[in-house]
Protein chains: 2
Amino acid sequence: MVTSQTPSRFDVFNQHCPTRLVLDRLGDKWALLILHRLQDGPVRFNSLRRDIDGLSQKVLSQVLKRLERDGILARQAFPTVPVTVEYSLTPLGRTLKQAVSALTHWAEENMPQIMAAQQEYDGRLQESA
Amino acid sequence: MVTSQTPSRFDVFNQHCPTRLVLDRLGDKWALLILHRLQDGPVRFNSLRRDIDGLSQKVLSQVLKRLERDGILARQAFPTVPVTVEYSLTPLGRTLKQAVSALTHWAEENMPQIMAAQQEYDGRLQESA
DNA sequence: CCGAATCCTTGACGATACTG
DNA sequence: CAGTATCGTCAAGGATTCGG
């Protein structure tokens, strides 16, 4: 098995666009949820799995491995009887979390405006029907 | 044709998590590229299509329509002989663009660290093989 | 020129089963 | 407990065609 990493969904833009860098790491369904869940300290594998509803072990381990490879989070295994593994944010991961917070803020503040815009947009569709 | 909008890729979290709100709008391949392309003024449909390599008309019109519905960008059609359509950022869209810039900044500053982390990670894989 | 409609491929994700 | 391996599903997106 060759350990070639996910070529991600991009071909051309990956290297050129820094925004892509972020999106390719956080754009999936779960990465942000995981980051959010880790911000208050280390969390174990199955704890994450339980807390995030609908997330399968397969995908969880995939995302964790990718984020660990990127240096965004750290994995520590304890040689207890059944193995214990904790995941935590690295300093790099914490700065990322902060940057994401800016967007979260935007979303919270502008959610109403977006809803309103949608209402109006759908309304205009009605009258032209 | 029912005008039900994309239920997006989420079931549970959509309403609860504001981060989702952003990601569901910008998480696809192209939205960010389009936003970036529009920041300096109105751009025409085919101009966007040409400038963003690999983007099909179908997907372009989909994304444009969605962003227009969200009030992030505006569409203006001129009744010229072959129709002319311009897309531009709304005020709301501009604030979003600013918020995104925070992430872009993070990416630019930390790209080297990520690359380094990947190198080290892959290196550790080698020696354990 | 600006799209909408259709078909098809691909890859992300879920479910399940199995290992250390 | 913490994963890996395999399979099937499903929707995003590319290619193409047609309409206003």
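Here are a few things to note about the model shown:
- Tally of residues being within 20 Å of B:Ala102 (Cα to Cα), facing chain B (nearest Cβ under 9 Å) and among the hydrophobic types (A, V, I, L, M, F, W, C) across segment A:64-116: 10
- Residue under evaluation A:Ser61, criteria (1) assigned to a helix (DSSP H, G or I); (2) within 13 Å of DNA strand D (Cβ to nearest atom); (3) touching a residue at least 40 places away in the same chain (Cβ under 8 Å), criterion not met: (3)
- Of residues in segment A:74-86 being within 11 Å of DNA strand D (Cβ to nearest atom) and under 20 Å from B:Ala116 (Cα atoms), the one surrounded by the most Cβ atoms within 10 Å (Cβ to Cβ): A:Arg75
- Residue within segment A:39-58 that is facing another protein chain (nearest Cβ under 7 Å) and touching a residue at least 60 places away in the same chain (Cβ under 8 Å) present: no
No value in this document is a laboratory result; all are computed from the given coordinates. A quick note: this is a predicted structure, and the numbers were derived from the prediction, not measured. Glycine also receives a Cβ, built like all others from the backbone with ideal geometry; neighbour counts cover every protein chain displayed.
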